Structures are given as structure tokens and as C-alpha cells.
Amino acid sequence: MTVVTRFAPSPTGDLHLGHAYAAWYAHEVAMRARGCFLVRIEDIDSGRCRPHFVARQLDDLRWLSLDWEEPVIHQSQRMDNYAKALERLRALGLTYPCFCTRAEIKAEIAAAGAAPHTTAPDGAMLYPGTCRTMSTQRRQDMTASGRPYAIRLDIAAARRTAGSLTWNDRIRGRQTARPEQFGDVIIARKDVGTSYHLAVVVDDAAQGVTQVTRGMDLFEASHLHRLLYALLDLPVPDWHHHPLVRNAAGRRLAKRDADTTLRSLRAQGHSPDKVLAQAIAAAS
Ligand code: GLU
């Protein structure tokens with residue numbers, strides 16, 4: 001089977017050393033297996049993504065000689081595919097609309113006497129389930145009133161449907177899936193109609209990605225993704241969760257580390273090889 005990997009940046013800024021490492025890693029896994037390296041633009045969040053960064057990011061990848069196979073797909077043009085996947089989950093009886101605002105969820109959690117674990121691995125509040133048991137009539141009324149809603153996955157029902165699952169991380173070995181740590185996670189946001197989790201699983205499957213490579217910061221998300229693969233009946237890849245590139249203070253790189261953007265390193269006269277070597281050395 002041909003090994004297929006991908007680099008999936010969001011066009012919210014210029015690529016920095018952390019991206020260079022992630023792209024190099026995915027490219028390297030594909031090249032070692034004489035496989036195929038793809039690039040996908042993860043631009044569902046129209047509030048944060050800026051189209052002009054797409055060309056700049058692709059230009060930086062070209063400068064690093066991390067050549068990819070065309071076409072580059074853009075998630076913003078694939079909303080129909082996410083809607084279909086969402087419909088399948090709905091038809092399985094595993095989703096429900098959630099009309100709660102963040103403030104309402106906070107108040108609900110506080111009223112329940114703040115449980116010790118109230119956040120998911122991604123920092124989102126663990127949803128107390130308020131809208132899960134709403135009557136059909138009330139759901140209809142709320143929808144008809146035009147109140148915006150997100151779609152949540154009923155995680156307990158989803159787990160029952162999928163049964164117990166494992167997945168393989170090529171660095172850390174076999175894992176037992178623990179998607180419940182996300183609670184009733186949002187799989188379609190109020191504003192965008194999908195979510196990172198749903199879109200990434202649908203697209204990795206559609207593009208035939210056999211090895212998903214990503215940073216350790218997304219390790220826990222893969223537990224949830226494994227569940228989505230099962231529910232959507234999609235072929236399951238292997239994962240690699242690689243180390244993150246950190247700045248001098250030991251923090252993972254962020255926008256404030258502007259001096260590590262590939263643009264600024266290029267402007268300072270660094271060669272592509274030197275930049276990649278620096279990224280690899282800083283990944284820990
Ligand atoms: N688009 C995500 C990011 O920029 C990465 C996607 C993934 O590897 O799952 O962090």
C-alpha cells in the first residue's frame with residue numbers, strides 16, 4: 001500500500017519553525033517509503049483564516065523543497081462532504097443540537113458544583129449535557145425561532161455504537177481509544193457548520209492518508225478521531241505524534257515568536273537546509 005502523508009496548515013499566519021518541522025516530518029515519512037506527500041489547507045474558520053497566507057505558506061514550502069503532489073485541497077470548499085458525514089452521524093442517532101452559549105454552560109457547571117474535571121484535552125469546557133435530553137417539540141421551537149446551534153456528539157451513545165477501539169501510534173505504540181475525555185464534543189460549530197475534528201477525519205480518509213503525522217499537542221484529539229473513523233466506517237490510518245518545536249523559553253512556538261517565521265529567517269539570509277536543521281534540532 002502506498003504511504004500517503006499530508007501537511008495541513010491553517011492560513012492564520014506565516015509558517016514558523018514548528019510548521020517547517022511538521023511539514024518536513026510528513027514529507028520524510030512519505031519519501032522514505034517512496035510514498036506520496038500532500039498539502040491541505042485547513043481554512044474552515046473564516047474568522048481567523050486569511051486567504052493571502054495560503055500563497056505565502058505554499059511559497060515557504062517550495063523554498064524548503066518540500067514538494068507535494070497536487071491538488072492542494074481547501075477545506076472551505078468541502079463543506080458538502082462534512083455535511084454528509086454529519087448526516088450519517090445524525091441518522092445513527094448520535095448527535096443533537098445544542099443551543100447553549102458559553103456563559104450558560106459555565107453557569108450550569110457552576111450550579112452543579114464544579115466537578116474536578118471540567119475541561120476537555122483541548123481546553124473546552126466539558127459539556128454538562130443540558131440540551132441532550134431536550135424534547136423534540138422544544139428542539140423544533142428553538143430551531144424555528146432562529147436561535148443558532150452547534151451539533152454535539154452524544155459520546156456515551158457513540159461509544160456504545162462503536163464498541164471498544166484501539167489505534168496505533170508509530171512512536172508510542174498501540175493505544176486504547178479514550179474519546180470520552182472530550183465529553184459531548186462539538187462536531188459542527190455554530191458559525192462554521194463543521195469542526196476541526198470532523199473535517200480532518202473526513203479529509204484524511206478522502207485523500208487516502210495512511211499515516212497521519214501531527215504534533216504531540218494533538219495526541220488526545222486522535223482518540224476522538226479514532227471513534228469518528230469507526231462511526232463513519234472509514235479506513236483507519238496509523239498516527240505519528242511528533243515532538244513540538246519550542247522557543248528558547250521552552251514554550252511551543254506561537255505568533256509572538258515572530259523571529260522564527262520562515263519569512264524572517266529567509267530575510268536574514270538563512271538557507272533552507274539551515275532552517276530545516278534548526279527546526280529538527282529544536283523539536284523535543
Ligand atoms: N490544521 C491543524 C493545525 O494547523 C493540523 C491538522 C492536523 O494535523 O490534524 O494545527
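The values are calculated or read from the model by the stated rules, or taken from the named source; none is laboratory data. Not measured: the values here are computed from a predicted model. In this analysis, Cβ positions are derived from the backbone assuming ideal geometry, glycine residues included, and neighbour counts consider all displayed protein chains. To get the accessible areas, we keep the full protein, side chains included, count just its heavy atoms, and leave off ligands, DNA and RNA. Shrake-Rupley method; radii C 1.70, N 1.55, O 1.52, S 1.80 Å.
Given the condition of a type outside the set (Asp, Glu) and within 30 Å of Ala33 (Cβ to Cβ), answer yes or no: does some residue in the range 180-195 qualify? No; the residues of the range 180-195 include none that is of a type outside the set (Asp, Glu) and within 30 Å of Ala33 (Cβ to Cβ).
When you scan the range 132-147, do you find a residue that is within 20 Å of the chain's Cα centre (by Cα) and closer than 20 Å to Leu92 by Cβ, even just one? There is no residue in the range 132-147 that is within 20 Å of the chain's Cα centre (by Cα) and closer than 20 Å to Leu92 by Cβ. Yes or no: the range 84-102 includes at least one residue that is acidic (Asp, Glu) and farther than 21 Å from Thr161 by Cβ. No, because not a single residue in the range 84-102 is acidic (Asp, Glu) and farther than 21 Å from Thr161 by Cβ.
Yes/no matrix, rows are residues, columns are (1) of a type outside the set (Gly, Ala, Ser); (2) free of Cβ contacts under 8 Å to residues at least 60 places away in the same chain:
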| site | (1), (2) |
| --- | --- |
| Val209 | yes, no |
| Leu244 | yes, no |
| Leu253 | yes, no |
| Thr260 | yes, no |
| Arg266 | yes, no |
| Gly269 | no, yes |
| Ala282 | no, no |
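In this structure, does Ser76 turn out to be over 22 Å from the mean Cα position of the chain (by Cα), of a type in the set (Ser, Thr, Tyr) and at pLDDT 95 or above? No; evaluated as a whole, the condition is false for this residue.
Within the range 232-254, how many residues are more than 17 Å from the chain's Cα centre (by Cα), closer than 18 Å to Pro179 by Cβ and open to solvent by less than 20 Å² (accessible area, probe 1.4 Å)? Summing the residues that are more than 17 Å from the chain's Cα centre (by Cα), closer than 18 Å to Pro179 by Cβ and open to solvent by less than 20 Å² (accessible area, probe 1.4 Å) in the range 232-254 gives 0.
Within the set Thr176, Thr119, Thr161, the sole residue that is within 22 Å of the chain's Cα centre (by Cα) and over 27 Å from Ser10 (Cβ atoms) turns out to be Thr176. Every test in (1) over 24 Å from Arg132 (Cα atoms); (2) touching a Phe, Trp or Tyr at 6+ places or on another chain (Cβ under 7 Å) is passed by Leu224 save one, and that test is (1).
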